[in-house]
Amino acid sequence: MFRYIFIVLILLSSCKDKTEEKIPEMTDSVSETDSLAGSESVQTGEMTSDTSITDPTIPDKPNSEIYEGIFITNLSTKTFRDCRYPDSVYWVSDDTKKLEGQYSKFFDEKSVYNSVYVKVKGKIENTENTGISENYPRTLRVSEVINMERKNQNNNCVPYDFWGIGPGNSWTLLISRYENLIELIVPGEKKTYYFFYNDPTEEEGLIIYKSHNLVQRYNIEIRLRKESCTDARSGKQYDYAIYVNVNGDKVYYGCAVKGK
């Protein structure tokens, strides 16, 4: 009898020991795996965040971007007006040495008003020359010239009142209060006329602009009427007809687009 009880007690003790060994082993294994996985996840997230935002070992290297705008250069000026922000005007530093050469091909005579549309690659930086930085604190450093062309009603990003177009683009006229400019370009005559902007008057359905250039001794009168106008050469339709008279003896007829 005592022998039978003793055997039963040994068997119960053996099962208990195995159960106690097995449970902590499983618990430790799962706990350690979860802990490591959680630790890696947190650490990886923290490292990614620190590297991309606050890591002081990564220098600030701004990439070149594409800029579109209006470029003008003469003996004392070399500036760029950004199409995205027309009120922003930057000094230009041309690493390509190509801007002025291409620019000169568009104009037979130099003027402080001559400007072209350009598309370039570059980056904006602080202006180093203290004499220039007073007026232009930021500089566009050009690394590539992508495109350059005459301003027209489609590429000109500076606000304007009207854009006149002669038959087949035989002449163009810009009226811009924003630029304080009236500019008549006649490629066939190799001539460009510049005038300061004056507010228009209205008379019998006509919008009339008048101005004069004391230096060049030119007067200009422009008359616009809102009516359907078709370019005889291109067939394009416009909303305004335009008449331009320079010094009373040169007359130009065409169509016009009102600025937005």
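Can we say residue 208 is touching an Asp or Glu at 6+ places or on another chain (Cβ under 8 Å), touching a residue at least 24 places away in the same chain (Cβ under 8 Å) and either of a type in the set (A, V, I, L, M) or part of a strand (DSSP E or B) (or both)?
No; evaluated as a whole, the condition is false for this residue.
Restricting to region 170-191, and then to whatever is among the polar types (S, T, N, Q) and buried (at least 18 other Cβ atoms within 10 Å of the Cβ), can you tell me which residue is nearest to residue 113 (Cα to Cα)?
Taking the candidates together, the pick is 176.
Looking for something part of a loop (DSSP other than H, G, I, E, B), surrounded by fewer than 14 Cβ atoms within 10 Å (Cβ to Cβ), modelled with pLDDT under 95 and in contact with a strand residue (DSSP E or B) (Cβ under 9 Å, 6 or more places away or on another chain) - is there at least one such residue anywhere in region 131-142?
Within region 131-142 (the criterion being part of a loop (DSSP other than H, G, I, E, B), surrounded by fewer than 14 Cβ atoms within 10 Å (Cβ to Cβ), modelled with pLDDT under 95 and in contact with a strand residue (DSSP E or B) (Cβ under 9 Å, 6 or more places away or on another chain)), the answer is yes, since at least one residue qualifies.
From the list 172, 127, which residue is in contact with a helix residue (DSSP H, G or I) (Cβ under 9 Å, 6 or more places away or on another chain), under 21 Å from residue 191 (Cβ atoms), in contact (Cβ under 8 Å) with a residue 12 or more places away in the chain and not hydrophobic (A, V, I, L, M, F, W, C)?
Just one listed residue meets the conditions, 172.
Would you mention how many residues in region 60-114 are on the phi < 0 side of the Ramachandran plot and not in a strand (DSSP E or B)?
34
Test of understanding: among 253, 218, 209, which residue is loosely packed, with under 15 Cβ neighbours inside 10 Å, in contact with a strand residue (DSSP E or B) (Cβ under 8 Å, 6 or more places away or on another chain) and among the aromatic types (Phe, Trp, Tyr)?
So the residue among 253, 218, 209 that is loosely packed, with under 15 Cβ neighbours inside 10 Å, in contact with a strand residue (DSSP E or B) (Cβ under 8 Å, 6 or more places away or on another chain) and among the aromatic types (Phe, Trp, Tyr) is 253.
For residue 162, are the conditions met, namely being surrounded by fewer than 18 Cβ atoms within 10 Å (Cβ to Cβ), under 25 Å from residue 246 (Cβ atoms), among the aromatic types (Phe, Trp, Tyr) and more than 15 Å from the chain's Cα centre (by Cα)?
The answer is no for residue 162.
The values are calculated or read from the model by the stated rules, or taken from the named source; none is laboratory data. In this text, all values refer to a predicted model and were calculated from it rather than measured experimentally. Glycine also receives a Cβ, built like all others from the backbone with ideal geometry; neighbour counts cover every protein chain displayed.
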